[in-house]
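Scroll down for the structure; my scribbles are underneath it.
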Amino acid sequence: MTQATSPLQDADLDALVRPDKVHRKVYVDPDIFALEMERIYGHIWIYIGHDSQVPYTGDYVASQIAGHQVVMVRGADDSVNVVYNRCPHKGAMLVPEGTGNTRKLFRCPYHGWTFHLDGTMMTAPLKNGYEGTCFDPANPEFHMTKLARVERYRGFVFASMAAEGPTLKEFLGGAITSIDNLCDRSPVGEVEVAGGVFRVMQQSNWKVFYENLHDTMHPMVTHESSVVAARQQYRALPEGSPMPLELLVMDGNGEPYPFWESLELRGFDNGHGYMEAIFNPNAGNDPVMQEYKAAMHAAYGEARTAEILGMNRHNTVIYGSGSPHTVFQQFRVIRPVAVDRTLIEIYTFRLKGAPPAVFERALLYANVINSPSSNVMPDDIEVYNRVQLGNQNKVGGEWVSMHRYHGTDRKLDDGSVSINGTSELPMRNQFAAWRRYMLAGDAA
Ligand code: FES
Ligand SMILES: [Fe+2]
């Protein structure tokens, strides 16, 4: 990408990130946000969507990444294309943000120029008037522009605005195992988006959400009210009743500190990582699980099934894209919109070949934990907003602490692992990547 002129020098940026703390400006400075969109989002692989969202020719999902309108569309040849959603005539978006079907071509709603589903131009109305000009449908100047690189991994479509850089697999590193595990949980090894999407516009910087995904010191405080409510509900049930799943997932946030200290946190290159799960919903042996495990055993055998379902992860971070949750089959897509605005889209996946009740369980989790009208997510949104507002103070404190268990992370060949599950390793790991991208610029 072309480097825009920024008032920020590398030395300014370097001074903002220390090994154990970051300057509050990284969350509130619009110039830093603009540079992030260029130096981070302009280079990395970004999750666009899943190919199951565009099953038929002409199906599209239009969204924005780093302030650019883009559209993922299913081509006639089963390809999945990602092109900038901009007409080369006067710049109009070809399709509105959201989903739909554009049939066999894009037709601009302004003057009717048409484009193939790979973005190349078909034709423009009324040819006379273009004689003697350089207008030519074969000229790439008159095509919709493709994103520089697009790769699909097990149905997950990523794109990069940079023509050069690591492959998608190289970029994802150890985080790719979470995508694999999500798919492997299907007896046929495939997943599909189903059940709609929750969209939430948060009034906070995008990095706050990533940091919170592995923040194991907040659940028992931020979510105290929903833990108390779940326990009250449970006490109202007949003595000896098992705790229903909708209460169990809320109750999990109330585990005591020693429980969280025992969890594993992992950080990979490029800011990715994962957190071990709070509990294993597949540990039970109810009729749903019996049916599901029978399908898995038939597909993979008992040993491999135990391995797949034993990979028990809570949030995974794919830095810059969002967070797959393997156990409850979802992907929370994180889209920075402005320095203090972040759009979160929560998609739930159906495991192909699994009993319908497994999908219903994932929907239950999304509704109880992630829905904007749930008892849990609004707790997080409130504290994210307070972090944003507190860090907008120009006086009253400069730094944001990431000291917890600093200096104790164990280095592995493929990344780092915490010695304690309440470590702030994930935040330090994310900012190590942030610093590298921001200082390296085009060289990243
Ligand atoms: S802006 Fe698209 S045809 Fe004119
Ligand atoms: Fe939370």
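A few points about this structure:
- The criterion of at least 2 residues that are at pLDDT 95 or above is met by the following strands (runs of 3 or more DSSP E) wholly inside the stretch 340-436: 341-351, 399-401.
- Among the residues making up the stretch 161-217, those that are closer than 21 Å to S416 by Cβ, open to solvent by 20 Å² or more (accessible area, probe 1.4 Å) and over 18 Å from the mean Cα position of the chain (by Cα) are P166, M217.
- Looking across the stretch 350-367 at every residue that is touching a Ser or Thr at 6+ places or on another chain (Cβ under 9 Å) and open to solvent by less than 30 Å² (accessible area, probe 1.4 Å), the one that is nearest to ligand 1 (Cβ to nearest atom) is identified as A366.
- Inside the stretch 239-250, residues that are assigned to a helix (DSSP H, G or I) and among the charged types (D, E, K, R) make up a count of 1.
- Qualifying residue in the stretch 213-236 (condition: at pLDDT below 95 and under 28 Å from Y319 (Cα atoms)): no
- Within the option set M161, M220, being touching a Phe, Trp or Tyr at 6+ places or on another chain (Cβ under 9 Å), in the same structural domain as A357 (by TED's automatic domain parsing) and either within 16 Å of ligand 2 (Cβ to nearest atom) or touching a residue at least 60 places away in the same chain (Cβ under 8 Å) (or both) holds for one residue only, M220.
- Residue ID - nearest to R335 (Cα to Cα), chosen from residues in the stretch 64-83 that are of a type outside the set (D, E, K, R), modelled with pLDDT of 95 or more and crowded, with 20+ Cβ neighbours inside 10 Å: V70
- Residues within the stretch 95-115 that are more than 25 Å from the chain's Cα centre (by Cα) and either open to solvent by less than 30 Å² (accessible area, probe 1.4 Å) or away from ligand 1 (no atom under 15 Å from the Cβ) (or both), tallied: 9
- Of all the residues in the stretch 116-129, those that are open to solvent by less than 70 Å² (accessible area, probe 1.4 Å) and either more than 13 Å from ligand 1 (Cβ to nearest atom) or on the phi > 0 side of the Ramachandran plot (or both) number 5.
- Matching entry among Y47, Y56 (being in contact (Cβ under 8 Å) with a residue 24 or more places away in the chain and either charged (D, E, K, R) or not in a strand (DSSP E or B) (or both)): Y56
- When M220 is tested against the conditions (1) open to solvent by less than 30 Å² (accessible area, probe 1.4 Å); (2) touching a helix residue (DSSP H, G or I) at 6+ places or on another chain (Cβ under 7 Å); (3) closer than 21 Å to M275 by Cα, the lone failure is (1).
The values are calculated or read from the model by the stated rules, or taken from the named source; none is laboratory data. In this text, all values refer to a predicted model and were calculated from it rather than measured experimentally. Here the Cβ is made from the backbone with ideal geometry for all residues, glycine too, and neighbour counts use every protein chain on show. Heads up: the accessible areas ignore ligands, DNA and RNA and are worked out on the full protein's heavy atoms, side chains in. Shrake-Rupley method; radii C 1.70, N 1.55, O 1.52, S 1.80 Å.
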